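Q: Next up is a structure, given as structure tokens.
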Amino acid sequence: MSHSDPNCIFCKIVEGKIPSRKVHEDEEMIAFHDIHPWAPVHFLMVPKAHIPSMAQVGPEHAGVLGRMMALAPRLALEAGCQPYPAGGYRIVVNTGEHAGQEVHHLHIHVMGGPRPWLKG
Ligand code: 5GP
Ligand code: ZN
């Protein structure tokens, strides 16, 4: 698995070659607002290493993926999601064609904010 793919849009965001509205950055991950949000709050959490999708994930990725999931709740609140349980958010990882994955660099969608078309 190569660390960076020169044709990958998220590798370019990681490297700062394409601008993004950052929510968080550290040595192993970056988080930034989605350019076409599906929800009032919608950001993506991306490992800096180029992993195409969940399908390529193995035990060697457990650390970074665990740290990404463990950071998501704090970033969600900082990005404007309302607290659980009245507020909250969805965490989604599209994987492959049947899930509609468009960018083949692993990313976690975090989506929150009121969605009046849903009951409850
Ligand atoms: P996927 O369908 O692969 O799970 O989601 C890819 C997401 O990346 C989409 O929601 C899309 O709007 C977002 N996206 C694609 N290109 C860019 C970009 O250049 N900048 C940002 N911020 N988001 C992007
Ligand atoms: Zn990439």
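Bear in mind these aren't lab numbers, they're just calculated from the coordinates by the rules spelled out. Note that this is a predicted model, so its numbers are computed, not measured. Heads up, the Cβs are rebuilt from the backbone with ideal geometry, glycines too, and the neighbour counts pull from every protein chain shown.
Q: Looking at (1) within 13 Å of ligand 1 (Cβ to nearest atom); (2) without any contact (Cβ under 8 Å) to a residue 60 or more places away in the chain; (3) not polar (S, T, N, Q), can you tell me which one residue 46 breaks?
A: Only one criterion in (1) within 13 Å of ligand 1 (Cβ to nearest atom); (2) without any contact (Cβ under 8 Å) to a residue 60 or more places away in the chain; (3) not polar (S, T, N, Q) is unmet by residue 46, namely (2).
Q: Quick one: residue 57 ticks every box in (1) in contact (Cβ under 8 Å) with a residue 24 or more places away in the chain; (2) farther than 17 Å from residue 42 by Cβ; (3) within 13 Å of the chain's Cα centre (by Cα) except a single one, so which number is it?
A: Going through (1) in contact (Cβ under 8 Å) with a residue 24 or more places away in the chain; (2) farther than 17 Å from residue 42 by Cβ; (3) within 13 Å of the chain's Cα centre (by Cα) one by one, residue 57 breaks only (3).
Q: While we're on this one: Filter the stretch 8-32 down to the residues that are of a type in the set (Gly, Ala, Ser) and more than 11 Å from the chain's Cα centre (by Cα), then identify the one that is surrounded by the most Cβ atoms within 10 Å (Cβ to Cβ).
A: 20
Q: Still on this structure: Of the conditions (1) without any contact (Cβ under 8 Å) to a residue 40 or more places away in the chain; (2) closer than 16 Å to residue 105 by Cα; (3) crowded, with 19+ Cβ neighbours inside 10 Å, residue 65 clears all except one; give me its number.
A: Only one criterion in (1) without any contact (Cβ under 8 Å) to a residue 40 or more places away in the chain; (2) closer than 16 Å to residue 105 by Cα; (3) crowded, with 19+ Cβ neighbours inside 10 Å is unmet by residue 65, namely (3).
Q: Hey, another quick one. Kindly establish whether residue 79 is closer than 24 Å to residue 99 by Cα, among the small types (Gly, Ala, Ser) and touching a residue at least 24 places away in the same chain (Cβ under 8 Å).
A: Answer is no for this residue.
Q: If a residue has to be within 9 Å of ligand 2 (Cβ to nearest atom) and closer than 18 Å to residue 99 by Cα to count, how many in the stretch 3-59 make the cut?
A: Going through the stretch 3-59 one residue at a time, the tally reaches 3.
Q: Please find, within the stretch 70-80, the residue that is surrounded by the fewest Cβ atoms within 10 Å (Cβ to Cβ) out of those that are farther than 19 Å from residue 106 by Cα and within 15 Å of the chain's Cα centre (by Cα).
A: Within the stretch 70-80, the match that is surrounded by the fewest Cβ atoms within 10 Å (Cβ to Cβ) is 74.
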